[in-house]
Amino acid sequence: MIFGNLKYADKYDFLTEKIKACFTYAKEHDLTTYEKGSYKINGDEFFVNIENYATVKREDRFWEAHKKYIDVHMIIEGKESIDVSFCDDMQIKSFDENRDFVELTGEEKATVNLINKGDFLICYPEDAHRTAIICQQSQTIKKAIFKIKL
């Protein structure tokens, strides 16, 4: 997993072109104007989901991971905490292949606070994440989740 902000995108030369394409897309499109939904950029290979939701207590959320896609979570408005861990340190509860959704249980290794517009967290298939956790106070956030097929 990698945590950063779009304003430093030129420093991430080591990232794949597919991941850097997320940064380019976010810079060239006003994501604040996007409604909640899924937007295809390159079919199922590369798309973005725009989400709006209220952050809640940690105990009211679930762990997830994905086998076929890299997630790039990017804050558009609001503040959110995301717990992270490694899938190898977790227990798999279920896997829905059609949704590419692995549900897990376990404990966090760290928490990332996405508090500024452009903050992002890249989650690879080995990275478990628990999103939508209250950061300072409960609020409705807007974020982009770029999906990059492996």
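In segment 1-20, the qualifying residues are those that are outside any strand (DSSP E or B), open to solvent by less than 30 Å² (accessible area, probe 1.4 Å) and closer than 25 Å to Ala132 by Cα, and the one that is modelled with the lowest pLDDT is Ala9. Please go through segment 135-149 and give me each residue that is in contact with a helix residue (DSSP H, G or I) (Cβ under 9 Å, 6 or more places away or on another chain) and of a type outside the set (D, E, K, R), ordered by number. If the condition is that a residue be in contact with a helix residue (DSSP H, G or I) (Cβ under 9 Å, 6 or more places away or on another chain) and of a type outside the set (D, E, K, R), then Ala144, Phe146, Ile148 are the ones that fit.
Can you tell me which residues in segment 28-81 are outside any strand (DSSP E or B), among the hydrophobic types (A, V, I, L, M, F, W, C) and open to solvent by 50 Å² or more (accessible area, probe 1.4 Å)? Even if it seems obvious, please write down each step before you answer.
Quick first cut of segment 28-81, residues outside any strand (DSSP E or B) only: 28-36, 43, 45, 55, 57-62, 66-68, 78-79.
Remaining after also requiring among the hydrophobic types (A, V, I, L, M, F, W, C): 31, 62.
Passing the criteria: only Phe62.
When segment 82-93 is filtered for residues that are open to solvent by 50 Å² or more (accessible area, probe 1.4 Å) and part of a strand (DSSP E or B), the ones remaining, listed by number, are Phe86, Gln91, Ile92, Lys93. Within segment 96-122, the set of residues being among the aromatic types (Phe, Trp, Tyr), over 14 Å from Phe3 (Cβ atoms) and crowded, with 18+ Cβ neighbours inside 10 Å is empty. Across segment 100-150, the number of residues qualifying as outside any strand (DSSP E or B), farther than 23 Å from Ala21 by Cβ and over 14 Å from the mean Cα position of the chain (by Cα) comes to 8. Of the numbered criteria (1) farther than 20 Å from Ser138 by Cβ; (2) touching a residue at least 12 places away in the same chain (Cβ under 8 Å); (3) part of a strand (DSSP E or B), the one Phe23 fails is (3).
The values are calculated or read from the model by the stated rules, or taken from the named source; none is laboratory data. Note that the structure is predicted; figures quoted are calculated from it, not measured. Neighbour counts are summed over all protein chains in view; Cβ atoms, including those assigned to glycine, are modelled from backbone coordinates with ideal geometry. SASA here: full protein model, heavy atoms, side chains in, ligands and nucleic acids out. Shrake-Rupley method; radii C 1.70, N 1.55, O 1.52, S 1.80 Å.
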